[in-house]
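For reference, the structure discussed in these notes is given below.
Derivation of every value follows stated rules applied to the coordinates shown; laboratory data play no part. Because the structure is predicted, anything quoted here is derived from the model rather than measured. Every residue, glycine among them, receives a Cβ derived from its backbone with ideal geometry; neighbour counts consider all protein chains shown.
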Amino acid sequence: MNTRRDGIFPEEVIIQILARLPVKSLFRSKAVCKLWYRLSSEKYFGQLYNEVSIRNPMILVEISQSSESKSSLICVDNSRGVSDISLDFLKDRVKIRASCNGLLCCSSIPDKGVYYVCNPMTREFKLLPKSRERPVTRFHPDGEAVLVGLACDSTYQKFNVVLAGYHRTFGHRPDGSFISLIYDSESNKWRKFISIQDEQFTHMNRNQVVFVNSSLHWLTMSCTHILVLDLNHDIWSTMPLPYEVRCRTGNRLYLLEYDGCLSVIQISDAWMNIWVLKDYGKDEWCMVDRVSLRCIRGLVPGVFPISQTGEYVLLATHKHVLVYHRKSRVWKEMYSVKNSSTLPLWFSAHAFRSTVFSCQ
């Protein structure tokens, strides 16, 4: 262990302290002394910071007021409470399309086909190059991708953006072909492949895309299986849900990440069951928790799980953000809308975490 004669903590301890600071405080700490600057600039520190942040779930929520056309963005942090987040550094009016490991994929509202990948904590961003696909022949029915996915690999410091949807040639009806455009940050280029799909997705299905095992996952509207895109081989496939989930009618299902694993949350009138895919290769699901919803009985019809870890589950309703502590089995309100909003909070809520991952 590296100790110092002046009595300051060993470097190993300083690194652990810095790794638990909010990103803004971390950047300010770089100016304290040369040692802190050096320690927080090392590649190892970036990996450690990202590993620590995984344990602290957050969600980003867009707040829209009925009396105003503008909206604001807040971050609900289980450890530090609620704070405002701004994407004004993009110099564009955007909507968040996907979130993964601390990065956001945003699309321009006034300019279709313009996409950004950004880190709202460090305020870094990358404007993605436009693909060669002509907008009028790209996607059906409104020219926008049905599915937008962001796959951020913090270990290898790279990311992919996926735009996928049904293809329609100009002047013709859609022919059932499913066009997939994949952006690779290492090559700074798009690649394309076409397949045949016949899937439909709800708004929440499209929002809750999960990146695990080098693949992106979406829950289909039928709630019988998961649509999977293998990014290593550019192959679409399907994955069955647990039989106990598929055979029960009247339950709502949501796809989330669970400490690096794929997870399905099943909500009925009285219970929330949390399933985790323990063996990805064998499709082996295990129910890891069964939570009574009696304490939030009046909110159950409009409650949506957004983010989770082994310790917490963050959920959004029409006007509230709740956290459930799995060890103590205690519910807590983290945020509530004071005025009426045009859209429920769950409609524009995304799982998030703080990271120093660079999108450049």
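Values for this structure:
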| item | result |
| --- | --- |
| Extent along principal axes [Cα atoms of segment 226-272; Å; largest to smallest] | 41, 24, 13 |
| Most mobile of E124, E12, E333 in a GNM of the chain (Cα contacts under 10 Å) | E12 |
| Computed [θ] at 222 nm, helices only, for the chain once each DSSP H run of length n ≥ 4 contributes -39500 (n - 2.57) | -3000 deg cm²/dmol |
| Most mobile listed residue (V23, V117, V303) in the chain, GNM with C-alpha springs under 10 Å | V23 |
| Normalised contact order of segment 55-124, rounded percent, pairs of Cα under 8 Å and 6 or more residues apart | 19 percent |
| Computed magnitude of the charge dipole of segment 264-360 (debye, nearest 20; Cβ of K, R +1, Cβ of D, E -1) | 360 debye |
| Protection-proxy order for peptides 196-204, 264-272, 348-356, each taking the mean of Cβ atoms within 10 Å per residue, highest first | 348-356, 264-272, 196-204 |
| Stokes-Einstein translational diffusion, segment 20-128 - Kirkwood Rh over all Cα pairs, 0.890 mPa s, 25 °C, in µm²/s | 157 µm²/s |
| Approximate spin-label separation Q47-E12, in nm, with each point projected 7 Å along Cα-to-Cβ | 1.7 nm |
| Rh by Kirkwood over Cα pairs, then Stokes-Einstein D for segment 180-243 at 1.306 mPa s and 10 °C, µm²/s | 124 µm²/s |
| More than 15 Å apart - percent of Cα-Cα pairs taken over segment 34-94 | 68 percent |
| Surface/4 estimate of mean projected area, convex hull on alpha-carbon atoms of segment 183-303, nm² | 8.8 nm² |
| Under 5 Å, built H, 5+ apart or other chain: amide partners of T220 | H225, L227 |
| For segment 248-345, alpha-carbon Rg over 2.2 N^0.38 Å | 1.11 |
| Of W331, Y280, P240, farthest towards positive along the dipole that unit charges on Lys, Arg, Asp, Glu beta carbons give segment 239-358 | W331 |
| Selected from S187, S215, S83 as most flexible by GNM, with the chain as the system and alpha-carbon contacts under 10 Å | S187 |
| Extension reserve of the R55-N232 stretch, reckoned as 0.36 nm per residue once the Cα distance is removed | 61.0 nm |
